[in-house]
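The values are calculated or read from the model by the stated rules, or taken from the named source; none is laboratory data. Fair warning: this is a prediction, and the values are worked out from it, not measured in the lab. Cβ sites come from the backbone with ideal geometry, for glycine too, and all protein chains shown count toward neighbours.
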Amino acid sequence: MPLDAVTLSALAAELMPGLEGARIDRVQQPEKEMLLLTVRTKEGNRRLLVSASVSGARVHYTEQSFENPAEPPMFCMLLRKHLVGARIRELCQPEMERLLLFRLSARDEMGDESEKTLAVELIGRSANVVLVGSDGRIIDCLRRMEYGGEGRAMLPGMLYRLPPPQNKTPFFSSPVEDLRAFTASIEPGEELDKALLDRYSGLSPLICRELAYRSRRDRTLLLENMLALRETVARRDFCPTLVSIDGAARDFSFLSINQYGPESIKERFESFSLLLDAFYARRDRLESRRRRSRELLRAVKTAHERLCRKLALQREELAETAGREQIRRRAELITANIYRMKKGERELVCEDYFEEGCPRVTIPLDPLKTPQQNAAALYRDFTRKKAAEEHLSVLIAEGEKQCEYLATVLDEIERAETERDLNDIRRELVSTGYLKQPRGVKAERAKAQAPLRFLSSDGLEILVGRSNVQNDELTFRIARRSDLWLHTQHIHGSHVILRTDGLEPPQRSVEQAASLAAYYSQGRDAGKVKVDITQVRRVKKPAGSLPGAVLYTDYTTLDAAPDEKLAERLKQ
């Protein structure tokens, strides 16, 4: 979702009062296309995030923490030279452009007062951050472009020019007659959002789709909605809204978005800075987690699929051993009737004394073998299948345990929140033999992470395991025997411990612990999940079992709903 001109206008109006006169104290560049300015405002120190990322160009205050590189990039060093100590005189936005200009007052190398401009262009693939001197020439830019869009080059020493205006009609300054003529010219069956986007500037694809959705393909309603939108923007009656679908941040806007239907969740924020900070933090956290876990996930999925295929073959072989008793009976019948047989016969017809009434049966024979050899071959086949059944039963039981274990690891990888969580899972897989330690790389002896810690509304401590190994550590070493142990029923999830100090815990704390157990499980995206609750003394570790596997008795079951907001609120 790009930052559109209207949202940027509302954001600029929100930032202006605090930034005008503010002093820039620090400049950092934690990522290639991101800057972090620490500014001293009248209200105190604030951190201003400036991003020229193609997928997330934006400017806003942030409360997020970022890790800086060991060596700051050259552009960061240059900005420190020119901007540290400078004051922001003005923040302006050219009319309905996705561009912010920070007018700065700074001192040059000689100590003389000089004016500089930090131009932040938030224009899709051309997004950039440009430092312009008092002579209007580019000092340097984040993304140097020899051949920029619309014939604009971005190189040090060149004159800085604003982006050329779009060859479209400005939506918010067009006469009402023009809007009326436009709606009348729309052909039946023409897509309203595409027609709006092609005709007018100042409207994002999201807003065009929203106007079309609210108009229900009716041109009269479209005109009414267009006029209502213009009135909303003129009154500056903005509603910072974040739209989520299936727990993932999907879009944001300056007005309520209805086009995603009832499955979407709309969350309103007090300011656009809070809105943008929340949207990109959630999106980046999800993307970062996916990126970090992709390689590990692929390795575990490959091992899991290979094991499942092996189990399927073993079950087929086991099914083939089902007729071994019939083979033994045939061998017995041949041995009992051997006096009647001669070498070279192709079948034996005799009475089956294993069945009531001794019905006659026909047993096929190998004519190249003697009767004794035919019986011996059937006995060998029976013995082989009997041994195979015993061996395959053991292998299948072990394979099912391993499949179940790898399924829990897949769930843990999906829920891993930090790089340390993934490293813990990786070490666990190396120790259990599912991953090999890379050659030349010594096994890490990292300090074990503490379990996730929460504090219930009644002040009771709740601990949640991060991995299978930590689940065992939490349940059998950290927890006290009188504490409550919680786990989702029939689905993979973390072990959860509610500290009780030997007392009966309040029902609210039990329900909150159950909600955390549901949230840190495979049922995170479900409605309600069944959670089993018992005392730690009732939980046992089967001999020889893999990490995380337990048996428990004397439990009660509670229906609990996964609640991300509750987890964030209780987290310590």
Review point. When only residues in the stretch 236-247 that are buried (at least 16 other Cβ atoms within 10 Å of the Cβ) and part of a strand (DSSP E or B) count, which is farthest from the chain's Cα centre (by Cα)?
Key: 241
Review point. Can you name the residue in the stretch 364-394 that is β-branched (Val, Ile, Thr) and in a helix (DSSP H, G or I) and, of all such residues, is surrounded by the most Cβ atoms within 10 Å (Cβ to Cβ)?
Key: 383
Study note, to complete from the structure: For the stretch 259-270, the count of residues that are of a type outside the set (Val, Ile, Thr) and surrounded by 13 or more Cβ atoms within 10 Å (Cβ to Cβ) equals 6
Review point. Among the strands (runs of 3 or more DSSP E) contained in the stretch 73-121, which hold 2 or more residues that are among the acidic types (Asp, Glu) and more than 21 Å from residue 57 (Cα to Cα)?
Key: 113-121
Review point. Does residue 163 satisfy the criteria of being at pLDDT below 90, within 39 Å of the chain's Cα centre (by Cα), not in a strand (DSSP E or B) and not basic (Lys, Arg)?
Key: yes
Check your understanding: Only one of these conditions is not met by residue 66: (1) free of Cβ contacts under 8 Å to residues at least 40 places away in the same chain; (2) assigned to a strand (DSSP E or B); (3) in contact with a Pro (Cβ under 7 Å, 6 or more places away or on another chain). Which number is it?
Key -> (2)
Check your understanding: Here are some residues: 273, 293. Which one is buried (at least 17 other Cβ atoms within 10 Å of the Cβ), among the polar types (S, T, N, Q) and at pLDDT 85 or above?
Key -> 273
Practice item. Mind listing whichever residues of the stretch 305-352 are assigned to a loop (DSSP other than H, G, I, E, B) and aliphatic (A, V, I, L, M)? Key: 341
Review point. How many residues are modelled with pLDDT of 85 or more and not hydrophobic (A, V, I, L, M, F, W, C) when one looks only at the stretch 134-160?
Key: 10
Review point. Do we find that residue 572 is within 25 Å of the chain's Cα centre (by Cα), loosely packed, with under 14 Cβ neighbours inside 10 Å and among the polar types (S, T, N, Q) in this structure?
Key: yes
Exercise for review: Among the residues of the stretch 366-394, write down those that are of a type in the set (A, V, I, L, M, F, W, C) and over 28 Å from residue 487 (Cβ atoms).
Suggested key: 368, 375, 376, 377, 378, 382, 387, 388, 392
Practice item. Restrict the check to the stretch 80-98 and report whether at least one residue is without any contact (Cβ under 8 Å) to a residue 40 or more places away in the chain and crowded, with 18+ Cβ neighbours inside 10 Å. Key: no
Point to revise | Qualifying positions in the stretch 482-492 - part of a strand (DSSP E or B) and either within 16 Å of residue 408 (Cβ to Cβ) or out of contact with any Leu (no Cβ under 6 Å at 6 or more places or on another chain) (or both) | key: 485, 486, 487, 488
Review point. Exactly one of (1) farther than 23 Å from residue 125 by Cβ; (2) surrounded by 15 or more Cβ atoms within 10 Å (Cβ to Cβ); (3) in contact with a strand residue (DSSP E or B) (Cβ under 9 Å, 6 or more places away or on another chain) is unmet by residue 10. Its number?
Key: (3)
Practice item. Filter the strands (runs of 3 or more DSSP E) completely within the stretch 493-569 down to those with at least 2 residues that are out of contact with any Ser or Thr (no Cβ under 9 Å at 6 or more places or on another chain). Key: 556-560
Practice item. Quick one: in the stretch 34-55, of everything that is in contact with a strand residue (DSSP E or B) (Cβ under 9 Å, 6 or more places away or on another chain) and not in a strand (DSSP E or B), which residue is surrounded by the most Cβ atoms within 10 Å (Cβ to Cβ)? Key: 52
Practice item. Identify, from the list 424, 458, 472, the residue that is in contact with a helix residue (DSSP H, G or I) (Cβ under 8 Å, 6 or more places away or on another chain), surrounded by 18 or more Cβ atoms within 10 Å (Cβ to Cβ) and not assigned by TED's automatic domain parsing to the domain that holds residue 245. Key: 424
Exercise for review: Please state which of the following conditions residue 256 fails to meet, knowing it meets all the rest: (1) under 24 Å from residue 15 (Cα atoms); (2) surrounded by 13 or more Cβ atoms within 10 Å (Cβ to Cβ); (3) of a type in the set (S, T, N, Q).
Suggested key: (2)
Check your understanding: Hey, among 545, 467, 509, 482, which residue is buried (at least 24 other Cβ atoms within 10 Å of the Cβ), of a type in the set (Ser, Thr, Tyr) and outside the structural domain of residue 416 (by TED's automatic domain parsing)?
Key -> 467
Review point. Taking the stretch 353-363 as the region of interest, how many residues are part of a loop (DSSP other than H, G, I, E, B) and touching a helix residue (DSSP H, G or I) at 6+ places or on another chain (Cβ under 6 Å)?
Key: 1
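Matching residues to (1) touching a Gly at 6+ places or on another chain (Cβ under 9 Å); (2) among the small types (Gly, Ala, Ser); (3) part of a loop (DSSP other than H, G, I, E, B); (4) in the same structural domain as residue 272 (by TED's automatic domain parsing):
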site: 197; (1), (2), (3), (4): no, no, no, yes
site: 210; (1), (2), (3), (4): no, no, no, yes
site: 213; (1), (2), (3), (4): no, no, no, yes
site: 221; (1), (2), (3), (4): no, no, no, yes
site: 229; (1), (2), (3), (4): no, no, no, yes
site: 249; (1), (2), (3), (4): no, yes, no, yes
site: 252; (1), (2), (3), (4): no, no, no, yes
site: 256; (1), (2), (3), (4): no, yes, yes, yes
Study note, to complete from the structure: Scanning the stretch 103-125 residue by residue, the ones that are touching a residue at least 12 places away in the same chain (Cβ under 8 Å) and at positive phi total 1
